[in-house]
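This report refers to the structure that appears directly beneath it.
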Amino acid sequence: MSAVQLKNRHLLIAAEVAQKVFGDAPQVFIVYYPQQKALLLAPSDDELFPTIHSPAQQMLKTRNLIGDRSLSLEEILIDNELEDSDRPLPFLHQEGLRLLHITL
């Protein structure tokens with residue numbers, strides 16, 4: 001599995017990446033910027049993220065015992081008329097920051 005991928009209109013995040021970015025957070029802040037095709041995610045306990053962006057909050061589900069995580073992107077895909085085929089997604093994560101930048 002690619003570390004970050006789109007599958008069945010869900011964002012799948014490998015355990016290693018999810019743990020570094022979200023820790024044990026059960027929810028995430030999520031915002032999509034169409035001009036940059038940028039999806040930004042941060043743990044819901046991040047106090048700065050909602051002051052900079054206008055994010056929605058969404059459940060971050062645990063997929064398996066390894067710790068892979070997932071969340072639905074159906075609303076974002078439909079609202080922005082984005083390609084919804086299953087594929088690996090390019091992402092950026094800077095060590096020490098609790099932010100995940102994904103290109104859709």
Being exposed (fewer than 14 other Cβ atoms within 10 Å of the Cβ), aliphatic (A, V, I, L, M) and touching a residue at least 24 places away in the same chain (Cβ under 8 Å) is the filter here; which residues of region 51-96 pass it?
ALA56, MET59, ILE66
Within region 15-45, residues over 11 Å from the mean Cα position of the chain (by Cα), farther than 16 Å from ILE76 by Cβ and either free of Cβ contacts under 8 Å to residues at least 60 places away in the same chain or not in a loop (DSSP other than H, G, I, E, B) (or both) come out as ALA15, GLU16, GLN19, LYS20, ASP24, ALA25, PRO26, SER44, ASP45
In region 58-76, which residues are more than 11 Å from the chain's Cα centre (by Cα) and of a type outside the set (Lys, Arg)?
THR62, ASN64, LEU65, ILE66, GLY67, ASP68, GLU74, GLU75, ILE76
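The numbers here are math on the coordinates, done by the rules we state, and not lab data. Note that this is a predicted model, so its numbers are computed, not measured. Note that each Cβ is placed from the backbone with ideal geometry, even for glycine, and that neighbours are counted across all protein chains shown.
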